[in-house]
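The structure under discussion appears below in the form of structure tokens.
The values are calculated or read from the model by the stated rules, or taken from the named source; none is laboratory data. Because the structure is predicted, anything quoted here is derived from the model rather than measured. Here the Cβ positions follow ideal geometry from the backbone for every residue, glycine too, while neighbour counts run over all protein chains shown. Note: accessible area is taken over every heavy atom of the protein model, side chains too, but ligands, DNA and RNA are not part of it. Shrake-Rupley method; radii C 1.70, N 1.55, O 1.52, S 1.80 Å.
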Amino acid sequence: MSSNERGQTMTQVDAAQAGQDSPADTGTAGAGASAPTAGTGGTRRARLRRVIRSLAGPGPWKRGPVPAGSALLLGLLMLLHTQITGRGGLGSLVETFLPWFGLSVPVLLAAAVWRRSASAVVALLLPVTVWLSLFGGLLGDRSRSGGDLTVASHNVGAANQDPAGTARDLAASGADLLALEELTADARGTYEKGLAKAYPFHTVQGTVGLWSKLPLSGTRPVDLKQDVGPLGDSKPAEVKMAYNRALRTTVATGKGSLAVYVAHLGSVRVNPRAGFWTDSRDRNAQALGEAVAAERNERVVLLGDLNGTTDDRALDGITSRLHSAQDEAGDGFGFSWPASFPVARIDQILVRGVEPVSSWVLPETGSDHLPVAARISW
């Protein structure tokens, strides 16, 4: 091999080695070295963009305007419920179910947390404070031991299929005074027979009655203005007595006389035209309030189905003169209607001049109402 050929061969070998070391390896090494740098830069840019978006978007005090506004409206609704119009019975409807408005608070709290809204959480302080001021005192057990007299009241239900069983249950309650409402002509004899052994004294005035272990006197019906206008005025007394819904009597106790009223105020209806219709109930409530206001006995107990809660403005003429045994000495809200799933206390025991020491709801009978009871003392 000549010197020229050896030189060419050496040149080719050097070039091949250089090609293996430089083009392919350099490219691979360059790519491998630059990848981490590019990835780090991309991560930093993504973080920066997130920070910018966070700063540019609404903060925790600006987020969640809907739950925040809803919380404020809820609080104002409960706070100003007496200012709601009475047209169409709207005010009475709201006040009947006012305690249940508190269930909106956890729903709005969940919405505030989901939206991460500080303003909505703070806004919830208003409805929580208002609800607690209205109903917080009813959450615990306020009953005490003792008492001189046990009273009970029950709307037995005109459609009750087992009046004899209801009478047995009520007789076993141990109440000294037992008021019944919505008595029908057909069922009256059943109740009189079933309660005769436990209660030697009783009176029935129309559709309401009182059974007592103590003597009664001065019993009379109370005019709740069931009839209005010339047509009502022209009806004979015996016709009106058939559907009379209230009575007043005097109970002789070992500590003095006690005036007892039994009443069943008119029903309320919901219909498309009139809304929450309460006309007869409201008229009855006004008449009953006037009768209680004229009562001269210092000790008064009112038992009955008032078709309204003590928060209902329609009962102001009554609740301004008498106070609720359940509110003062009950355990919880004492809901009594409907019996299958009670959502409101429309069956009331209201007193004046005596002190309730305990109040409770009795077990379900064949009626759509639950019986209510209380123990009172002098």
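Under 18 Å of direct C-alpha separation, and excluding same-chain neighbours fewer than eight residues apart, Lys213 reaches these lysines: Lys193, Lys197, Lys255. Within the full protein context, the accessible area of Thr43 is estimated at about 70 Å² for a probe radius of 1.4 Å. Working from the Cα coordinates of the stretch 119-179, the gyration tensor eigenvalues give, after taking √(5λ), semi-axes of 40, 19, 8 Å in decreasing order. When DSSP beta bridges are restricted to pairs lying wholly in the chain, around 80% turn out antiparallel.
For Asp282, the accessible surface of its heavy atoms amounts to roughly 50 Å² (probe 1.4 Å, protein chains only, rounded to the nearest 10).
For the stretch 288-339, taking Cα atoms only, Rg and Dmax work out to 11.9, 36 Å respectively. Considering only alpha-carbon pairs that sit under 8 angstrom and 6 or more positions apart, the relative contact order computed for the chain is 17 percent.
For the chain, with all protein chains in place and a probe radius of 1.4 Å, 58% of the accessible heavy-atom surface sits on carbon or sulfur. Classify the stretch 244-378 from the C-alpha gyration tensor, please: rounded if a/c falls under 1.5, else prolate or oblate depending on whether a/b exceeds b/c. Here the stretch 244-378 falls in the oblate category. Dipole check for the stretch 195-306: with +1 at the C-beta of Lys and Arg, -1 at the C-beta of Asp and Glu, and the Cα centre as origin, the magnitude is about 300 Debye. Charge dipole of the chain (Cα centre as origin; +1 on each Lys and Arg Cβ, -1 on each Asp and Glu Cβ, all else neutral): 1000 debye, rounded to the nearest 20. Of His154, His323, the residue with the largest accessible area leads and the full order is His323, His154 (1.4 Å probe). Taking other residues whose beta carbon is less than 13 angstrom from the beta carbon of Leu149, and scoring Lys, Arg as +1 and Asp, Glu as -1, yields +1. Of the whole protein surface, Val66 contributes about 110 Å² of accessible area at a 1.4 Å probe radius.
Solvent-accessible area per residue in the chain equals 52 Å², computed with a 1.4 angstrom probe and all protein chains kept. With a 1.4 Å probe rolled over the protein heavy atoms of all chains, the accessible area of Lys225, Lys62 falls in the order Lys62, Lys225, largest first.
In Å, the Kirkwood hydrodynamic radius of the stretch 339-378 over pairs of distinct alpha carbons? One over the average 1/r among Cα pairs gives 11.4 Å for the stretch 339-378.
Let me know the shape class of the stretch 39-182, please: from the alpha-carbon gyration tensor, a ≥ b ≥ c as square roots of the eigenvalues, rounded when a/c is under 1.5, otherwise prolate if a/b is greater than b/c, or oblate. The shape class here is prolate. Within straight-line reach of Lys235, meaning a Cα separation under 24 Å, sit the following lysines at least 8 residues removed in sequence or on another chain: Lys225. For the chain, the membrane-span-like helices by this rule, meaning whole DSSP H stretches whose C-alpha atoms cover at least 27 Å of axis and whose Kyte-Doolittle mean is -0.5 or above, are 25-56; this says nothing about an actual membrane. Packing, taken as the mean count of other beta carbons within 10 Å per residue, orders the peptides 69-75, 233-239 from highest to lowest as 69-75, 233-239. The accessible-area ordering, largest first, of the residues Met78, Met241 stands as Met241, Met78, per a 1.4 angstrom probe. Based on the Stokes-Einstein relation at 25 °C and a viscosity of 0.890 mPa s, and on the Kirkwood radius from alpha carbon pairs, the chain is assigned a translational diffusion coefficient of 96 µm²/s.
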